[in-house]
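Below you'll find the structure, written out as structure tokens, and then a few comments.
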Amino acid sequence: MIICLTNITKNHIGVIYHLLYHILFYDFAGVKFTKTQQKQHQEFLNKLGERIVQLRKIKKLSQNDLANTIGWDKPNLRKIEHGRGNPTVKTLLLIAEGLDISFQELTEF
């Protein structure tokens, strides 16, 4: 999948930065977040999950429909939608593709 970088807004850069920061500095280096960073991270995951639910419902897809489209099982998708999952950029690209939208649309919240 190719990501078009022509219409990226300041908000998209923030989302991409946040995801990359978490992947590089938390998952692999074992860095612990401060309480403020933990709160911001959880707020981000909650907003992302709400956005996925919103877009899925606009497309009139059930969790099962979307999970099957992207080759996942429903419990993993449900975790992300409820802010309990920690999706990678690759996962978000897969979800965007399953919703037939751009990465930019997925991260506009």
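Per-structure values
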{"read-out": "Within the stretch 93-109, considering residues that are at negative phi and not in a helix (DSSP H, G or I), the one surrounded by the most Cβ atoms within 10 Å (Cβ to Cβ)", "value": "Thr107"}
{"read-out": "Filter pass, Lys35 being open to solvent by 50 Å² or more (accessible area, probe 1.4 Å), without any contact (Cβ under 8 Å) to a residue 24 or more places away in the chain and of a type outside the set (A, V, I, L, M)", "value": "yes"}
{"read-out": "Residue match in the stretch 45-64 (condition: touching a residue at least 60 places away in the same chain (Cβ under 8 Å) and either part of a loop (DSSP other than H, G, I, E, B) or within 16 Å of Glu105 (Cβ to Cβ) (or both))", "value": "yes"}
{"read-out": "The one condition in (1) of a type in the set (S, T, N, Q); (2) within 16 Å of Phe44 (Cα to Cα); (3) out of contact with any Leu (no Cβ under 8 Å at 6 or more places or on another chain) that Thr88 fails to fulfil", "value": "(3)"}
{"read-out": "Identity of the residue in the stretch 77-91, in a helix (DSSP H, G or I) and modelled with pLDDT under 95, that ends up surrounded by the most Cβ atoms within 10 Å (Cβ to Cβ)", "value": "Thr91"}
{"read-out": "Members of the stretch 66-107 found to be touching a Gly at 6+ places or on another chain (Cβ under 9 Å) and among the charged types (D, E, K, R), listed by number", "value": "Arg78, Lys79, Glu81, Arg84"}
{"read-out": "Filter result (of a type in the set (Gly, Ala, Ser) and either loosely packed, with under 15 Cβ neighbours inside 10 Å or under 21 Å from Gln40 (Cβ atoms) (or both)) within the stretch 51-76", "value": "Ser62, Gly71"}
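The values are calculated or read from the model by the stated rules, or taken from the named source; none is laboratory data. For clarity, every value in this text was computed on a predicted model and none was experimentally measured. When we count neighbours, we look across all protein chains shown, and the Cβ atoms used for this are built from the backbone with ideal geometry, even at glycine. To get the accessible areas, we keep the full protein, side chains included, count just its heavy atoms, and leave off ligands, DNA and RNA. Shrake-Rupley method; radii C 1.70, N 1.55, O 1.52, S 1.80 Å.
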